[in-house]
Amino acid sequence: MTGRRRMMVCMSRLWQSGSVLAARLGKRVLSCSRVGLSVQHYSTKAAPHIPGMEYQDAVCTLNTLQTNASALDEVRRVRNHPELQLQAMKGFLERAGLTVKELDHLNIIHVTGTKGKGSTCAFTEQILRSYGFRTGFYSSPHLVEVRERIRINGQPIGKDLFTKYFWQVYGRLDETKEANDGTMPAYFRFLTILAFHVFLQEKVDLAVIEVGIGGAYDCTNVIRRPWVCGISSLGIDHTQILGDTLEKIAWQKGGIFKPGVPAFTVKQPEEAMSVLRSRAKEIQCPLWVCPDFEQYQANCGPLSLGLAGQHQRANATLALQLSHTWLQRRCLPGLANTEWPGRNQTIKHGEVTYFLDGAHTMRSMQACVDWFRETAAEHERNSCGPVARILLFNATGERDCAAMLKLLMPCHFDFAVFCPNITETITSCNADQLNFNVSVEHMLTRCLDNERSWRLHNSTGDTGSNPLLIEDSLSLAPDKKADTLVFPCILSALHWITQGRDPVLADPSKKVFPLKPSVNAKAAPLCNAAQIHILITGSLHLVGGALKHLVPQSA
């Protein structure tokens with residue numbers, strides 16, 4: 001079939017579909033008017049697919065809006081009032097049953113530029129899709145089929161979906177045409193509205209939106225609240241619309257900036273960069289320049305790109321910053337609000353701060369050490385005097401306690417305190433924490449072994465151990481040294497460590513056996529410290545027993 005013959009067939013199908021559409025829409029308008037409904041407020045969300053309107057009919061109908069030459073002429077005519085373009089876009093959105101407010105829920109990444117904006121969007125979409133997010137991606141132009149412009153999870157939407165959503169949007173616009181001076185959106189505007197509708201209906205987690213031309217007055221800039229914006233490499237293009245200098249073009253591109261929304265750009269010529277900085281300051285948008293691609297490789301090792309060419313490195317570094325920022329802004333609020341007691345948990349009671357982590361493997365203990373050293377250092381920087389560091393440790397089962405204790409040595413504790421996972425010895429214990437699989441004697445012996453390991457790591461040469469530090473208790477070994485102590489329960493250990501400085505532990509019902517005077521005398525460094533920092537680790541049962549006393553409501 002010749003090209004001319006194909007065109008005639010296509011136009012014939014279009015005329016046929018157009019009359020069928022008009023007839024069907026006319027019936028629906030009539031039925032709506034009979035019951036007093038306003039057609040203009042008919043939402044696309046409820047609009048059904050019109051039977052018989054297939055994919056090729058949709059494409060042919062879409063092509064009637066393809067008035068690029070006249071559209072460009074119109075843009076040139078209204079250059080003195082370009083804001084009218086965005087006003088018109090909002091009107092078309094409302095006629096299609098959408099609102100600008102609804103677009104706020106799309107979690108948009110908005111990208112413009114002269115060269116590389118499409119590649120930047122492709123990199124960004126791929127990165128975020130690899131994290132498991134359901135992505136929407138709107139770009140232009142298409143190579144083979146128009147539905148390539150609207151993608152879900154990296155794939156062009158299917159013909160059935162395109163057809164369904166096309167007629168929903170086109171139907172709403174067509175049935176409101178007469179009340180709006182017979183106007184319909186031009187080709188790109190229509191596809192932009194269609195993309196927004198598709199992404200909302202398909203409930204994507206985020207939408208990567210590529211600007212068509214420019215930025216400030218591009219129809220995609222109807223977006224009010226993107227999560228992050230990006231500007232790829234700038235150059236001279238579309239001069240009749242955007243201006244004939246790099247400064248004028250940069251001004252247009254910077255028009256996608258929004259107040260308080262982070263924005264990134266690759267390195268630009270100074271005349272363009274100066275304008276972008278000025279635009280960002282005027283709009284009150286934080287703007288950053290992406291690092292060179294080589295800096296990522298210096299930190300992460302060699303990186304390979306799926307798109308060939310040295311110029312793709314700039315696009316890749318912009319995509320990395322956009323996706324990283326989106327992940328931070330999208331995920332960190334949830335991460336920051338996540339609570340999981342006993343795991344890297346900090347509790348502050350006046351002058352006493354507890355750091356609780358139920359680490360009980362070598363790997364988790366190393367992570368605990370890294371966390372404690374960083375977090376405790378932050379607290380100590382705000383201290384107005386000396387800080388005493390105390391380790392409260394116990395481990396259960398067949399774990400290598402000596403190896404875990406060795407990992408804890410760099411924390412530089414003033415005291416290492418050991419006790420079994422027994423919450424208290426006088427009052428009845430919490431039944432949830434009773435363990436009948438291990439005898440009390442075995443638990444106490446394990447504590448004494450842990451104390452001995454700690455002393456060996458300190459290279460004291462002392463292989464002896466301290467007795468349980470309770471008045472009139474059985475002395476298991478001579479009293480040797482004050483830097484390690486063993487207690488019979490968690491409550492007695494916490495009482496000695498805090499020295500009455502934790503109001504939560506001051507409950508008179510929480511009684512403990514009296515300690516030897518010599519043991520109380522060893523607490524002088526604790527009494528003289530401005531603050532006491534306690535790391536409780538080695539066992540989730542130990543941490544749970546401590547939380548029973550530190551957070552009474554948890555019991």
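The values are calculated or read from the model by the stated rules, or taken from the named source; none is laboratory data. All figures in this text were calculated on a predicted structure; none of them were measured in a lab. Positions of Cβ are backbone-derived with ideal geometry, glycine not excepted, and every protein chain shown enters the neighbour counts. To get the accessible areas, we keep the full protein, side chains included, count just its heavy atoms, and leave off ligands, DNA and RNA. Shrake-Rupley method; radii C 1.70, N 1.55, O 1.52, S 1.80 Å.
For F137, the solvent-accessible surface with a 1.4 Å probe is about 20 Å², rounded to the nearest 10. Per-residue extension of 0.36 nm, minus the Cα-Cα distance of Q126 and K267, leaves a gain of 48.5 nm for this segment. For D449, the accessible area of its heavy atoms, probed at 1.4 Å with every protein chain present, is near 60 square angstrom. Setting aside same-chain residues fewer than 8 positions from K511, which aspartates and glutamates have a Cα under 13 Å from its Cα? Qualifying aspartates and glutamates at Cα under 13 Å: E424.
Pairs K164/K203; K101/K281; K348/K522; K115/K203; K90/K281: which are spaced more than 21 Å apart, C-alpha to C-alpha? Cα-Cα > 21 Å for K101/K281; K348/K522; K115/K203; K90/K281; rest within. Shape class of region 376-427 from the Cα gyration tensor (axes a ≥ b ≥ c, square roots of the eigenvalues): oblate, since a/c reaches 1.5 or more and a/b does not exceed b/c.
Would you mind getting me the FRET efficiency between E351 and R134? Use the beta-carbon distance for r and R0 = 51 Å, nearest 0.05.
Details: r = 49 Å, r/R0 = 0.96.
Once rounded, the FRET efficiency stands at 0.55.
Between the beta carbons of S439 and N382, assuming R0 = 56 Å, the FRET efficiency works out to 0.80 to the nearest 0.05.
Straight-distance candidates among the aspartates and glutamates for linking to K267, with alpha-carbon spacing under 16 Å and chain neighbours fewer than 8 residues away dropped: E247, D292, E294.
Sort D244, D174 from largest to smallest accessible area, using a 1.4 Å probe on the heavy atoms of the protein chains.
On the way: D244 100, D174 35 Å².
Sorted by accessible area, descending: D244, D174.
Taking 0.36 nm per residue of sequence separation and removing the Cα-Cα distance, the H311/L86 pair yields an extension gain of 77.7 nm.
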